[in-house]
Amino acid sequence: MSLILHITSRERWQAAQAAGEYRDPSLEKEGFIHASTPQQVVRTGNRFYQGQSDLVLLCIDTDQLTARWVFEDASHPEPVVDETIPNRPEQFPHIYGPLNVDAVVGVVDFVAEPDGLFVLPSEVQQYMK
């Protein structure tokens, strides 16, 4: 099993459970759902989700995904450099299709610290095998 994470609102996740699949707005706009590795998700949260509340991390088992997924360069205009390989854009997991809810092996609250920054919730560790 390989674990990837997706940040979303609790409300969107609850709607997905009722529908049987999760469709992020980026799927219609960009053709894929953005995801992160456990090592990337805190930076993603701090960059794109500051000030937001009621967020959850969807812990996704890539072996159970029905949609194609791949690692690709970040799609936002400002490149994120891979810290381990100088001058190489960092690659993030992208899911090309709806996320089947049974691929989500855990849902963890993603709450900012008092200073407004996110940290990786310890509960994510139990899904990293």
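The values are calculated or read from the model by the stated rules, or taken from the named source; none is laboratory data. Computed from a predicted model, the values in this text were never measured in an experiment. Please note: Cβ atoms are built from the backbone with ideal geometry, for glycine as well, and neighbour counts cover all protein chains shown.
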Problem - Selection within the range 100-115 - over 13 Å from Leu55 (Cα atoms) and either in contact (Cβ under 8 Å) with a residue 40 or more places away in the chain or hydrophobic (A, V, I, L, M, F, W, C) (or both) - result: Asn100, Val101, Ala103, Val104, Val105, Gly106
Problem - Those residues of the range 15-66 which are among the acidic types (Asp, Glu) and either in a loop (DSSP other than H, G, I, E, B) or without any contact (Cβ under 8 Å) to a residue 40 or more places away in the chain (or both), in sequence order - result: Asp24, Glu28, Asp54
Problem - Sole residue being touching a helix residue (DSSP H, G or I) at 6+ places or on another chain (Cβ under 6 Å), at pLDDT 95 or above and either at negative phi or exposed (fewer than 13 other Cβ atoms within 10 Å of the Cβ) (or both), chosen from Val108, Val42 - result: Val108
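Check whether at least one residue in the range 16-25 is in contact with a strand residue (DSSP E or B) (Cβ under 7 Å, 6 or more places away or on another chain), surrounded by 12 or more Cβ atoms within 10 Å (Cβ to Cβ) and among the charged types (D, E, K, R), and report yes or no.
We begin by selecting, within the range 16-25, every residue in contact with a strand residue (DSSP E or B) (Cβ under 7 Å, 6 or more places away or on another chain); these are 16, 21-22, 24.
From what's left, surrounded by 12 or more Cβ atoms within 10 Å (Cβ to Cβ): 16, 21-22, 24.
Right, trim to among the charged types (D, E, K, R) and you get 21, 24.
So far as the range 16-25 goes, yes, one or more of its residues are in contact with a strand residue (DSSP E or B) (Cβ under 7 Å, 6 or more places away or on another chain), surrounded by 12 or more Cβ atoms within 10 Å (Cβ to Cβ) and among the charged types (D, E, K, R).
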